[in-house]
Amino acid sequence: MRLRVETADSRVVPVSIAFLPEIRLPGEWITASNSWDSLTIEPHSGVSWIVSLTRRDGGVFNTGNYAVTIEVPNLQSIVRKSSGNQWIGRSPSLPATVPFVIALPQTPREMSAVHKMAARNAMLRRDRVEEAAEYSRALAADPTDTMALSGLANSLLSLKRYAEAVPLYERLIKQSLLDTRTYEYAAEAYMGLGDEANARRVLSGAGYSPERIETTLALRNLAKRP
């Protein structure tokens, strides 16, 4: 990959690029190993990576307008079909330039985004306490941010702070902006408090059959979250 960063007056900024061990798949963030193992991309789907840019001259990125030009000259050659044959689809033939602006956060949404990124970085460092703290700051900055709410609930659950996680999961359930795993996490938080009745209520509300509820609770009892 070739990457160039320029300021608004066309001055080139010397940068180093680092790929964080986190991959973006449709619908969720997952932490991947640094081994660069092959990754399967489903049809009509996509994948992206978080990268970190650092100035090589020891300076910092000041507020202002920048342009990042990215080129992957050998993209087609490194993509393979699931059969192992070389991919023959279309690939970018010219460098792509992406404009971006560095500015201090102004709106609640922007301030929340700053703390959510800090929470994600804490997660990569496996600092669960700081992760929870940053999600809490994100939610304080923008109480309507469902991603911050979910992130805080999940990080508190991982810390076994069940009493704090439960009301957050109940807020998510009331908003109906959640997936099956959130119901199961909520049930796990209730089980952590010894409240099996509410754990069953949550799973029943998700449409689980009695048999599935029994299986889920048994698995959650056995699971040991890091």
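Close Cβ contacts (under 7 Å, 6 or more residues apart or on different chains) running from residues in the stretch 103-126 that are at negative phi to residues that are aliphatic (A, V, I, L, M) and outside any helix (DSSP H, G or I) comprise Leu124/Leu20. How many residues are at pLDDT below 75 and surrounded by 12 or more Cβ atoms within 10 Å (Cβ to Cβ) when one looks only at the stretch 87-113? The total comes to 3.
The requirement of being modelled with pLDDT under 95 and either of a type in the set (Asp, Glu) or in the same structural domain as Ala8 (by TED's automatic domain parsing) (or both) is fulfilled somewhere in the stretch 140-162, by at least one residue. Within the stretch 58-75, residues that are touching a residue at least 40 places away in the same chain (Cβ under 8 Å) and assigned by TED's automatic domain parsing to the domain that holds Pro95 reach partners that are among the aromatic types (Phe, Trp, Tyr) and assigned to a strand (DSSP E or B) with beta carbons closer than 8 Å, at six or more positions or on different chains, in the pairs Asn65/Phe100; Tyr66/Phe100; Ala67/Phe100; Val68/Phe100.
Only one of the numbered conditions (1) assigned to a helix (DSSP H, G or I); (2) basic (Lys, Arg); (3) within 17 Å of the chain's Cα centre (by Cα) is not met by Arg126, and that is (1). Where residues in the stretch 57-86 are charged (D, E, K, R) and either surrounded by fewer than 10 Cβ atoms within 10 Å (Cβ to Cβ) or part of a strand (DSSP E or B) (or both), which of them is modelled with the highest pLDDT? Applying the filter and picking the extreme gives Asp57. For Glu184, indicate whether it is surrounded by 17 or more Cβ atoms within 10 Å (Cβ to Cβ), of a type in the set (Asp, Glu), assigned to a helix (DSSP H, G or I) and modelled with pLDDT of 95 or more. No.
The values are calculated or read from the model by the stated rules, or taken from the named source; none is laboratory data. For clarity, every value in this text was computed on a predicted model and none was experimentally measured. A quick note on method: Cβ atoms are made from the backbone with ideal geometry, for glycine too, and the neighbour counts reach across all protein chains shown.
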